[in-house]
Amino acid sequence: MARRPVQNPFVLLTRDIPVEGLVRDLDLAELAPRVFAESTEAKPGPDLRVQITASRNDSDVIVSGELSGTADMACSRCLKPVTVKITGEFGVTFVPPGREAKEDDLDVVPYKDEEIDLEPVLREELLLALPVAPICADDCRGLCPRCGHDLNQGACECPPEPKDDRWAALRHMKLQ
């Protein structure tokens, strides 16, 4: 009984990978919104892509890839929208059932039947490629921690912070 062809662009069939290897350019427009909605406040840009190269080594399949594109995020200092560049490279070895990966083999993933599902790997790589604390500009002054005023627009009306003198007595101590 012949199997139906897989329509999911993120699934590779081992039988479709020729000896010389396979190169695919995948648009992440379908995958990225699900990843970003589940995990972060970022919004994927329309140019988010991954180019993968798959090759076989007996029953193992080695997949490497390069992520590229942009995402819209909030500046971690002032919360204004900022477009960040997303880039990243990865490599994963998919192994058939019955061949277990060693504990330290973080880049070894089992596959089932002939289907190699790239979606979990791509999801992880997308999240790892996002900056933890994006900023709109190196000199962004952020928000006032008391009133929330954008300090990039000028000083706020808050009085100066009172001086913290809890450690003042230690300044006069002499250690021998």
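Here's the yes/no breakdown for (1) part of a helix (DSSP H, G or I); (2) under 29 Å from R24 (Cα atoms):
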{"residue": "L79", "(1), (2)": "no, no"}
{"residue": "G88", "(1), (2)": "no, yes"}
{"residue": "I116", "(1), (2)": "no, yes"}
{"residue": "L122", "(1), (2)": "yes, yes"}
{"residue": "G148", "(1), (2)": "no, no"}
{"residue": "N152", "(1), (2)": "yes, no"}
{"residue": "K174", "(1), (2)": "no, no"}
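When R141 is tested against (1) farther than 22 Å from P44 by Cα; (2) surrounded by fewer than 18 Cβ atoms within 10 Å (Cβ to Cβ); (3) under 23 Å from the mean Cα position of the chain (by Cα), exactly one condition is not met: (3). One residue stands out among those in the range 126-138 that are surrounded by 17 or more Cβ atoms within 10 Å (Cβ to Cβ) and in contact with a helix residue (DSSP H, G or I) (Cβ under 9 Å, 6 or more places away or on another chain): the one that is farthest from L151 (Cα to Cα), which is L126.
Per this entry, V23 is not counted among residues that are out of contact with any Asp or Glu (no Cβ under 6 Å at 6 or more places or on another chain) and surrounded by 16 or more Cβ atoms within 10 Å (Cβ to Cβ). Looking only at residues in the range 58-79 that are hydroxyl-bearing (S, T, Y) and touching a residue at least 40 places away in the same chain (Cβ under 8 Å), the one that is nearest to V95 (Cα to Cα) is S59. The number of residues in the range 20-68 being of a type in the set (G, A, S) and modelled with pLDDT of 90 or more comes to 6.
Yes/no matrix, rows are residues, columns are (1) crowded, with 18+ Cβ neighbours inside 10 Å; (2) under 21 Å from T14 (Cα atoms); (3) at pLDDT below 90:
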| residue | (1), (2), (3) |
| --- | --- |
| T70 | no, no, no |
| A74 | no, no, no |
| G91 | no, yes, no |
| P96 | no, yes, yes |
| D150 | no, no, no |
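Restricting attention to the range 126-140, the residues being within 15 Å of P33 (Cα to Cα) and part of a loop (DSSP other than H, G, I, E, B) number 1.
The values are calculated or read from the model by the stated rules, or taken from the named source; none is laboratory data. Just so we're clear, the structure is a prediction, and the values are computed from it rather than from any experiment. Every residue, glycine among them, receives a Cβ derived from its backbone with ideal geometry; neighbour counts consider all protein chains shown.
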